[in-house]
Amino acid sequence: MGNWRVMRPGLERLVRELAKFGAVGALGFLVNVAIFNLCIHTFQLAPIRSGVISQVVAIGTNYLGNRYWTYRHIDKNRIHRETVLFFLFSGVGLVLENGILALSHYGFGYTSPLADNIAKNVIGLAIGTAFRFWAYRTWVFKVGTKEAAPADVRLPVEPADPVDPVHPVEPAASVRGGRVEIGGLTAEEQREDRRQLLK
């Protein structure tokens with residue numbers, strides 16, 4: 001039960017992060033699909049070229065959404081490194097997504113607009129999104145120790161009892177075998193010690 005209380009804030013934070021990432025991804029998905037179909041049907045571009053153009057625009061949309069909403073609490077001092085890594089991992093996602101499209105269109109011969117959309121915007125997008133979520137939270141918008149630790153998980157430290165050198169605290173008394181012991185000695189033994197000291 002105690003472990004669940006410690007894990008729960010981290011789990012809630014991950015669920016919130018996933019929800020925001022999903023919302024940004026949904027917007028990027030709409031941009032991606034709209035531009036992909038616009039390039040194919042209006043400008044008559046090849047499927048792979050259309051896929052690359054649409055995904056580059058979607059990557060820009062996703063960066064703005066993730067930087068300024070999903071991960072806005074992350075330190076912005078490392079924004080140059082973050083931007084480079086974001087576009088690097090997004091490029092890997094682009095290759096994954098369009099690689100599935102190329103395999104379907106040119107490898108298996110599924111050349112209809114429906115098949116292209118399923119290959120790119122369903123199968124390829126699912127694989128690319130899973131990779132990007134892992135890469136962004138692990139390498140790009142990396143949560144530091146201070147940012148990751150929620151306030152309600154930090155356990156209070158019990159203050160140590162101050163030691164008074166003038167009036168030290170007497171050890172607790174206990175009863176053993178009908179005799180009162182103070183600090184491990186019976187009352188008779190303590191009296192004998194005092195008599196020895198007074199001699």
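Just so you know, all these numbers are worked out from the coordinates, no wet-lab data involved. What you are looking at is a predicted structure, and each value in this text was computed from that prediction instead of being measured. FYI the Cβ positions are ideal-geometry reconstructions off the backbone, even for glycines, and counts take in every protein chain you see.
Observations on the structure shown:
- Within segment 44-62, tally of residues that are farther than 19 Å from Gly22 by Cβ and among the hydroxyl-bearing types (Ser, Thr, Tyr): 2
- Segment 109-147, subset assigned to a helix (DSSP H, G or I), surrounded by 14 or more Cβ atoms within 10 Å (Cβ to Cβ) and without any contact (Cβ under 8 Å) to a residue 40 or more places away in the chain, residue farthest from the chain's Cα centre (by Cα): Ala115
- Odd one out for Trp69, checked against (1) over 21 Å from His41 (Cα atoms); (2) free of Cβ contacts under 8 Å to residues at least 24 places away in the same chain: (2)
- Taking the criterion of being of a type outside the set (Gly, Ala, Ser), over 20 Å from Phe87 (Cβ atoms) and surrounded by fewer than 16 Cβ atoms within 10 Å (Cβ to Cβ), the residues of segment 21-58 that qualify are Leu30, Leu38, His41, Thr42, Phe43, Gln44.
- Taking (1) surrounded by 14 or more Cβ atoms within 10 Å (Cβ to Cβ); (2) within 26 Å of the chain's Cα centre (by Cα) in turn, Asn77 satisfies each apart from (1).
- First in segment 89-108 and surrounded by 15 or more Cβ atoms within 10 Å (Cβ to Cβ), second anywhere and hydroxyl-bearing (Ser, Thr, Tyr) and outside any helix (DSSP H, G or I), Cβ under 6 Å, 6 or more apart: Ser104/Tyr110; His105/Thr111
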